Each structure stands twice: as C-alpha cells, then as structure tokens.
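Engineer: Mind having a look at this structure? Questions to follow.
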Ligand SMILES: *Cc1c(COP(=O)(O)O)cnc(C)c1O
C-alpha cells in the first residue's frame, strides 16, 4: 500500500534541495547565526511578497502573536474576541498576557469567524479582534475592519495558515493593524524548525516588535525596554529565503489540487467540499471537507487505506480541558461544535500527483460506503 501523507516535507525539500543546501552552507560558512543579512533579506522579501510595508522575523507564530499583543498593550482586564475553531496558539498569548479570550461562533460554510457574532460579543472591555484566516481562506475582513474602526479595536490577523492568500487582491497581513505568520515546517512556507513573523504597515509598531524580540536592545549593551529572546534564527531565515521564490507557484498548484478534489467530490453524496467566498484567493493550507454520517469511522477507513487524513480541529477551544476555568460548555457555540464533529482534512501539498489524488478520492468513496454499513 502506498501511503499518502497529509503533507510531504521530504518531497518539498527535494524539489528545491540545491538552493536550500546552498543557503544552509552560506550561514554556516559565515557563522552569522543570529540576526545579520539573511534575516533582514528574508524580512524584506517576505514583506514584499505579502504586499506590506514591514516584516519582523520572530521565533514562531505563537511568539509573534504574543509580542504583537504585548506591544499593543493587551493585558489584565482586556477582552479579545476570536474564534474557537482554530489551533490553541491563537489564544495562548491572550491568556498569558492576563487578558480573556471571548469566543464567537463561526460561519457554517467558510469556518471563519462570523462578523455578526463579533458585534454581539463587544463589551466596554473589548480591546482587540483576532480573526484567523483558517485553512488559508481570508476571514470576512471588510466587515471585521469596519467593526473595529467603529469600536476602536485592534485587529491582529492570525495568518499562520494564509501565506499568499488574498481577498480583493489584498493579502493576508495587509488588512489588520498587524498580522502573524507561522513558518512551522508543515505550513505553506515552512522552516526546518520553528519560525514566525509579524507583518504591518505601521513602522513604529514594527520597530517596537523588533526590539521586543531581541531583549529590548537599542545597541549591543543598551536595553530600552525589557523584552524577550524570540528572534528568528538566521539558518531558518536563509532556508525560508531559498523557499520563498517558489511560494506563488506552490500556492497555484495547491489551488489546482483543490480544484481537482472539488470536481471529483462534487457529486458524492454525503460530502461537502470547501466553500470559497467570492473575491477570495484561497491558499489551501488545508483542504477540509465535511461529511455526513459516522465521521470517525470514515476517518478510520482512510487511515486503514494509508491516507493521512486529519481533523483541524476536533475539540473547539471553549471545550478544551485547559480552558475549563472560563466555563465554556457543550452547546455554547453550536456551529463550531458541529464543524468539529463533521470535518476531515484530506492530504494536500504541492508535490502531490494526480494518481495520489485519485487514490485519496477512491479511498474516501470506499470509506464512506463502509461507514454506512
Ligand atoms: C501554526 C499555527 C499557529 C502557531 O504557529 P507556530 O509557529 O507553530 O507557533 C497559530 N495559529 C494558527 C491558526 C496556526 O495554524
């Protein structure tokens, strides 16, 4: 049986091996491991690729969210409105800073935060909104920015899954006051370890974050403020810099793969393919379907056939054991809870072949049939 993983990091490396090996050798050769030209070059190139003014490289996407929230003054007594249908890193920084995450339910079709629910969740304590561009599809950013402007709230985009995704031609990272990206290995632009960045059009905010990530330094031995050790490694920046020129082409291939799945799955009863909103250029970090019937049996069928399917995410954040102190209970956010029970992420990555996609579809059809028996 030919296993088909959810994402194939090895195939991606092999597609670009010489450039990556050369970048690694360059950093080792000049032993410029912290900061330096590789980091600056990558930051400039990434800002340009997302069509924003500034990019600051940070040690991870989670650290980027933390530093941005810290720099924007989010702290005890503040409420931050976000989605429960995301990876837990979206809310960990909110909690670490002593603020309270406030969850809104999602749009049933796009799985992104529902702007109408945001309005209902605003209180005098609300300080910021953190929309997540889930799976690589931008949240409803015009509506969210309008709400934020009216209520004087910060908007921090969690763009960890949305490199090169856009809405009306405007990319993830260019909408809010700041956006946070992750370069975790499996993301659409992945490092060889942890990595992240924040993007913004606000020079003062970018300069502040650049200081915060590096112990508040203004010069080698002078510290303007108390910061953190959350820099992006030069080795990771060089690897990311070698991969970045391919990101557009990889994203286009992801879109073709999604199109292939859409056509192959459209008429299969009990399967809903991803709903892509008008004016959105989806980056398909994940290709997520919804199924009727026994989802876990279908997933087991896929696993048994060597298909590396996943669930993003099986437990909504308000129901996570770690979030018990906040009192969330089943039934609070029904659309999210329904999504968590019905979704399946199918393998998608640029190096995937048409044969592999055919095998995934065939395995899904068999698993669906088996699950209703
Ligand atoms: C990956 C991810 C993060 C965290 O990024 P790291 O680089 O792993 O810290 C945050 N939010 C979302 C939605 C993610 O998918």
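Engineer: Give the residues of the range 98-120 that are free of Cβ contacts under 8 Å to residues at least 40 places away in the same chain, surrounded by 19 or more Cβ atoms within 10 Å (Cβ to Cβ) and either within 14 Å of the ligand (Cβ to nearest atom) or under 24 Å from residue 196 (Cα atoms) (or both), sorted by residue number.
Structural biologist: 99, 112, 113
Engineer: Identify the residue in the range 74-97 that is near the ligand (Cβ under 10 Å from one of its atoms) and farther than 20 Å from residue 122 by Cβ and, among all such residues, is surrounded by the most Cβ atoms within 10 Å (Cβ to Cβ).
Structural biologist: Per the stated criteria, the residue is 93.
Engineer: May I ask you to say which residue of 304, 249, 300 is surrounded by 15 or more Cβ atoms within 10 Å (Cβ to Cβ) and modelled with pLDDT of 95 or more?
Structural biologist: Result of the check over 304, 249, 300: 300.
Residues checked against (1) part of a helix (DSSP H, G or I); (2) touching a helix residue (DSSP H, G or I) at 6+ places or on another chain (Cβ under 9 Å); (3) at positive phi:
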position	(1), (2), (3)
42	yes, yes, no
45	yes, yes, no
69	yes, yes, no
73	no, no, yes
76	no, no, no
86	no, yes, no
89	yes, yes, no
98	no, no, yes
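Engineer: Please pick out the residue among 186, 176, 193 that is free of Cβ contacts under 8 Å to residues at least 60 places away in the same chain and either surrounded by fewer than 24 Cβ atoms within 10 Å (Cβ to Cβ) or within 11 Å of the ligand (Cβ to nearest atom) (or both). Talk me through it step by step, then tell me what you get.
Structural biologist: Working: 186 fails: free of Cβ contacts under 8 Å to residues at least 60 places away in the same chain; 176 fails: either surrounded by fewer than 24 Cβ atoms within 10 Å (Cβ to Cβ) or within 11 Å of the ligand (Cβ to nearest atom) (or both).
Of the residues listed, the single one that is free of Cβ contacts under 8 Å to residues at least 60 places away in the same chain and either surrounded by fewer than 24 Cβ atoms within 10 Å (Cβ to Cβ) or within 11 Å of the ligand (Cβ to nearest atom) (or both) is 193.
Engineer: Has the range 56-73 got at least one residue that is under 21 Å from residue 243 (Cα atoms), crowded, with 24+ Cβ neighbours inside 10 Å and more than 16 Å from the ligand (Cβ to nearest atom)?
Structural biologist: No, the conditions are met nowhere in the range 56-73.
Engineer: Just to verify a result, which residue in the range 270-279, among those that are without any contact (Cβ under 8 Å) to a residue 40 or more places away in the chain and part of a loop (DSSP other than H, G, I, E, B), is surrounded by the most Cβ atoms within 10 Å (Cβ to Cβ)? Spell out how you get there, then give the answer.
Structural biologist: Step one: filter the range 270-279 for residues without any contact (Cβ under 8 Å) to a residue 40 or more places away in the chain, giving 272-273, 278.
So of that shortlist, the ones also part of a loop (DSSP other than H, G, I, E, B) come out as 273, 278.
Values: 273: 18, 278: 6.
Ranking the candidates gives 273 first.
The values are calculated or read from the model by the stated rules, or taken from the named source; none is laboratory data. Predicted model, so just to flag it, every value in this text is computed and none were measured. Neighbour counts are summed over all protein chains in view; Cβ atoms, including those assigned to glycine, are modelled from backbone coordinates with ideal geometry.
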